[in-house]
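Each remark here refers to the structure printed beneath this line.
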Amino acid sequence: MRRLILSRKGFDSKAGGSASPIFNDGSFFSIPIPQNHCSPKKYKDLDFNGISGSDLLKEVSAKVKDTDYCHYDPLLNERIGIFGQASSSQTELKNNHVGPGDVFLFFGWFKNFSADGRDLHHLFGWLQIDKIIEGSKKIKSYLRENNIQHPHGYGDTSRFSNNTIYIAKKRLELNKRKIFDRGHGLFRYTHTDLILTEKNKTRSRWKLPSKYFKDSKDLFLNRMKWENEDESTVFYRGFGQEFILDIEKNPNVRKWAINLIKKYG
């Protein structure tokens, strides 16, 4: 595990126009972004622990309709975990040598609407890379062989330059030793440990736990940088998707990710 990638997914102010919901019972669900062309699923086809995609859209007063197609990716609650990336975002991952064994922590914009809660950047799932499949032909072949539908291998994929999917390990591993039963999944319930946003700040101002992140001067490989390194604060700027951390520079950050997965996964 050389790289940890904080990967932004789900509804945002441009794609969907709303936060994803946190419910009073602590459950929370990342609503996938809309897709204006044919995709394996429409919002009405989604099911999150018995809550329909239609009900999720109502909860957040979404601008999209339940009959619209959605880009349901990453797949984190299926038998095989898959995450698709393309275009410049995939180039960024490849240029920073993201590969097998590395871990994605997925985050997005969340809010408890019924309690008039805060706007938060919140981690919602993980995927440890087992293998990387590049090119639409190979992607479609893999999906067909495993009887899986995924937007990066469905229909006309010519719109995806640098089309790539990341396949999850069956179990979370470190140095070839199993450390958790699943290599991909969704966090079960909301918790302050999973919230990136600093308390009483706008959602784009993050405070990472100093216990793990202190002495991390050269941690960030792209986009992100410390606002105050001593206090482990970051100001999240722009709409980039992938934020890559070189955790060989500070192995304690690896412990942070593993502990979150083992405790909340």
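Numbers below:
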read-out: Tensor-based shape of the stretch 24-82 (alpha-carbon gyration tensor, a/c under 1.5 rounded, otherwise prolate or oblate); value: oblate
read-out: Inter-site label distance for ASP218 and ASN200 at 7 Å from Cα along Cβ, in nm; value: 3.7 nm
read-out: Exposure proxy order (Cβ contacts within 10 Å, fewest to most) of TRP206, TRP126, TRP109, TRP226; value: TRP226, TRP206, TRP109, TRP126
read-out: Nonlocal amide H pairs with GLU173, under 5 Å, H built at 1.01 Å; value: ILE179
read-out: In Hz, Karplus ³J(HN,Hα) per residue of the stretch 122-129 (6.51, -1.76, 1.60; θ = phi - 60°; x = Gly, Pro); value: 9, 5, 10, x, 8, 7, 9, 6
read-out: Cβ-placed point charges (K, R +1; D, E -1), dipole of the stretch 1-126 about Cα centre in debye, nearest 20; value: 320 debye
read-out: Positive-end residue of ILE51, PHE213, PHE110, charge dipole of the stretch 9-264 with Cβ unit charges; value: PHE213
read-out: Cross-link pairs LYS9/LYS41; LYS58/LYS207; LYS41/LYS140; LYS14/LYS111; LYS58/LYS111; LYS14/LYS65 - those with Cα-Cα distance over 20 Å; value: LYS58/LYS207
read-out: Over the chain, relative contact order from alpha-carbon pairs under 8 Å, at least 6 apart, %; value: 22 percent
read-out: Label zone at SER158 (point 7 Å along Cα-to-Cβ), backbone N below 13 Å, the stretch 82-103; value: none
read-out: Shape call, the stretch 24-181: gyration tensor on alpha carbons, a/c limit 1.5; value: oblate
read-out: Residue order, fewest to most beta carbons within 10 Å, for ILE261, ILE31; value: ILE261, ILE31
read-out: Segment ASN49-LYS255, length gained on full extension (0.36 nm per residue, minus Cα span); value: 71.2 nm
read-out: Rounded, prolate or oblate (a/c below 1.5 giving rounded, otherwise prolate when a/b exceeds b/c) for the stretch 1-45 by Cα gyration tensor; value: oblate
read-out: Amide H partners (placed H, <5 Å) of GLY81, local residues excluded; value: ALA168
read-out: Highest-MSF residue in the chain out of ARG118, ARG79, ARG203 [GNM, Cα springs under 10 Å]; value: ARG79
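Every number in this text was worked out from the coordinates using simple rules, so none of it is lab data. Since this is a predicted model, take the numbers as computed values, not measurements. Heads up, the Cβs are rebuilt from the backbone with ideal geometry, glycines too, and the neighbour counts pull from every protein chain shown.
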